[in-house]
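Only the coordinates and a few stated rules stand behind these numbers; no lab work does. Predicted model, so just to flag it, every value in this text is computed and none were measured. All Cβ positions, even for glycine, are placed from backbone atoms using ideal geometry, and neighbour counts span all protein chains on display.
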Amino acid sequence: MSGRKEMRAIRVANYGGPEVLKVDPKIPVPVPTDTQVLVEVKAAGVNPVDTYIRSGSFGTTGPLPYTPGSDASGIVSKVGAKVTKFKPGDKVYVIKNVSGGYAEFTVAEETMVGKLPTHLSFAQGAGLGVPCYSASRAFIKAKGKVKSGNTVLVHGASGAVGLACVQIGKAKGLTVIGTAGTKEGLDLVLKHGAAKAFNHKEQGYIDKVLEATNGTGPDIIIEMLANVNLATDLKIINKGGIIVVVGSRVMQRSPQVYSCLKSP
């Protein structure tokens with residue numbers, strides 16, 4: 001258990017670009033309530049939503065100044081009186097915290113903390129929150145079509161959420177098609193289990209997606225940039241298919257579901 005009273009933390013006093021991120025060496029170490037866990041942060045996840053909030057473009061923002069970051073991993077330093085699942089010294093990951101993850105310590109409700117599997121590094125643990133839980137939620141929303149033999153198109157698969165979708169889709173027995181914008185991204189998508197990957201910056205890639213699905217279109221589309229791609233998704237989705245919107249630079253909400261029927 002740490003006896004420290006102060007810590008270093010990144011603070012945002014004004015909304016803006018990366019330059020507004022400032023290190024403050026004298027932030028009080030947060031004190032957990034009876035239901036909370038204090039974690040010494042070993043790695044913090046950096047997600048697109050963190051940058052949207054920092055820039056002031058997200059729909060919900062809190063009071064300034066604040067410490068960014070929802071995802072983290074580390075070692076339990078102290079637990080509240082009513083916490084039963086964790087003890088000091090446990091290696092954990094945090095999927096949502098109270099005080100901010102870009103800091104030496106963060107505090108979170110017990111329900112938002114999980115035991116970090118021994119085969120995962122702290123860096124990997126910090127990538128479990130937004131990416132993996134968003135991907136899992138997307139497949140829950142698409143549950144009617146999540147069955148062996150069906151096809152899922154992960155539209156924008158080379159990011160953290162997209163790669164998690166590729167992995168989950170393959171594990172559930174789906175045929176996974178992914179898109180990315182670079183050769184490195186395409187290679188990464190294939191490495192993580194996609195049957196095929198296409199460059200969404202190339203003209204005619206949608207024709208390749210249709211060809212890969214024998215002309216019927218995917219049964220599920222998980223969309224990472226709906227404000228650009230949703231109209232196309234609606235044209236190519238299989239009859240009775242489901243489109244799950246995880247990312248949209250306009251709506252900024254995750255995830256929303258569109259079920260649509262394609263004309264016979």
Whether region 131-259 is rounded, prolate or oblate, judged on the alpha carbon gyration tensor where a/c under 1.5 counts as rounded: rounded
Above-threshold pairs, the threshold being 26 Å between Cα atoms, out of K115/K196; K196/K235; K145/K191: K115/K196
Within region 162-195: backbone nitrogen closer than 20 Å to the S148 label point (7 Å, Cα to C-beta): 166-177, 193-195
Pairwise FRET efficiency - E6 versus H119, Cβ, R0 = 45 Å, nearest 0.05: 0.85
Residue order, fewest to most beta carbons within 10 Å, for F58, F122: F58, F122
The chain, relative contact order in percent, only Cα pairs under 8 angstrom and at least six apart counted: 13 percent
Amide H contacts under 5 Å for V245, placed H, 5+ residues apart: E223, Q256, V257, Y258
With Cα atoms, 0 to 90° folded angle of helix 160-171 axis to the chain main axis: 60 degrees
Over region 131-259, relative contact order from alpha-carbon pairs under 8 Å, at least 6 apart, %: 23 percent
Helical contribution to [θ] at 222 nm, DSSP H n ≥ 4, -39,500 (n - 2.57), averaged over the chain, rounded to 500: -6500 deg cm²/dmol
Between 0 and 90°, nearest 10: helix 226-236 axis offset from the chain longest Cα axis: 30 degrees
Cross-link reach list, aspartates and glutamates versus K143, counting only Cα pairs under 16 Å and skipping chain neighbours closer than eight places: D219, E223
Region 6-126: relative contact order as a whole-number percent, Cα under 8 Å and 6+ apart: 31 percent
Globularity index of the chain, i.e. its alpha-carbon radius of gyration over 2.2 N^0.38 Å: 1.11
Surface/4 estimate of mean projected area, convex hull on alpha-carbon atoms of region 6-126, nm²: 7.2 nm²
